[in-house]
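Participant: Here's a structure for you.
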């Protein structure tokens, strides 16, 4: 059974399933989901816990041995399996065997990075385990979802903030829920319960946003100029090489150009994405870029990348990070940025 993360508390109140699969790349939400399952299981009498962390030398027989043995004192058990990625063949075989003979005195919690739709459909271990219990996919939070999450988080501490304050907090901690949770705790310590004014948030919350070059490319593909400029500034401050940022922009632009060429030859975008082996998580931004940009705009964007590359290598005059902003501007259909426009964007 597949559940959304916000459906988990109600499901746990109704009873404990024999298997939980929790998948995702957002560590705070994934960890808290697993914690909630363990706490609910303990409340139902699952008193003992065995932790299995899969590394290169892990013996899958340990899990099967634990499943087939019974506690000396008849305790109900939690089998907590931590996977750093998809299980290998031995792991897949072991999980299929586990699904065939699920112990009556144990609940299995499997946590691992995000599983794509194809991995869910084609992985025999997943197909064996998922019908026996609950599957939860954890997704990163952005925009209104992040603001709603912050509102609930603050509400749990009896704090109330206006939407403008929540938006300010969201902008400060973008991409880092661990930092967001810490900032909410800090606000509670500094300000206590009750109404939290925007100025209180502005003074108390540090700028905890964390970006990488993939965030930059995603923002540029979607034509988000202000966000692109903010990410460029953050990457520069963190000491990221301009060449690395350029690589991410140029890589995704070449993919968009390839998809445009394939569509012009009669293919569909989905077929082109499949042939180019583009992950589902990267498709959304590229689809928006395909909708916004024609082939000439993509060509101009690649020419801007070429100029940026020459500047980074010292073969042309200019400032590297200004040239990267010009790439983002061109991807947004605006052309190279003037000094005044750069100041307006900032």
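Participant: Taking strands (runs of 3 or more DSSP E) that fall entirely within region 1-82, which contain at least 3 residues that are within 20 Å of residue 130 (Cβ to Cβ) and out of contact with any helix residue (DSSP H, G or I) (no Cβ under 6 Å at 6 or more places or on another chain)?
Facilitator: 77-82
Participant: Assuming residue 199 fulfils every condition listed in (1) more than 22 Å from the chain's Cα centre (by Cα); (2) surrounded by 13 or more Cβ atoms within 10 Å (Cβ to Cβ) apart from one, which condition is it?
Facilitator: Looking at each condition in turn, residue 199 falls short on (2).
Participant: Condition (residue is more than 25 Å from residue 279 (Cα to Cα) and exposed (fewer than 14 other Cβ atoms within 10 Å of the Cβ)) applied to region 208-223: is it met by at least one residue?
Facilitator: no
Participant: Here's a check for you: in region 114-135, which residue that is surrounded by 15 or more Cβ atoms within 10 Å (Cβ to Cβ) and out of contact with any helix residue (DSSP H, G or I) (no Cβ under 6 Å at 6 or more places or on another chain) is farthest from residue 21 (Cα to Cα)?
Facilitator: 123
Participant: Is it the case that some residue within region 127-137 is over 29 Å from residue 14 (Cβ atoms) and part of a helix (DSSP H, G or I)?
Facilitator: Looking for residues that are over 29 Å from residue 14 (Cβ atoms) and part of a helix (DSSP H, G or I), one finds none in region 127-137, hence no.
Participant: Determine, yes or no, whether residue 104 is assigned to a loop (DSSP other than H, G, I, E, B), in the same structural domain as residue 38 (by TED's automatic domain parsing) and out of contact with any strand residue (DSSP E or B) (no Cβ under 8 Å at 6 or more places or on another chain).
Facilitator: So residue 104 passes the test.
The values are calculated or read from the model by the stated rules, or taken from the named source; none is laboratory data. Since this is a predicted model, take the numbers as computed values, not measurements. Backbone-built Cβ (ideal geometry, glycine too); neighbour counts: all protein chains shown.
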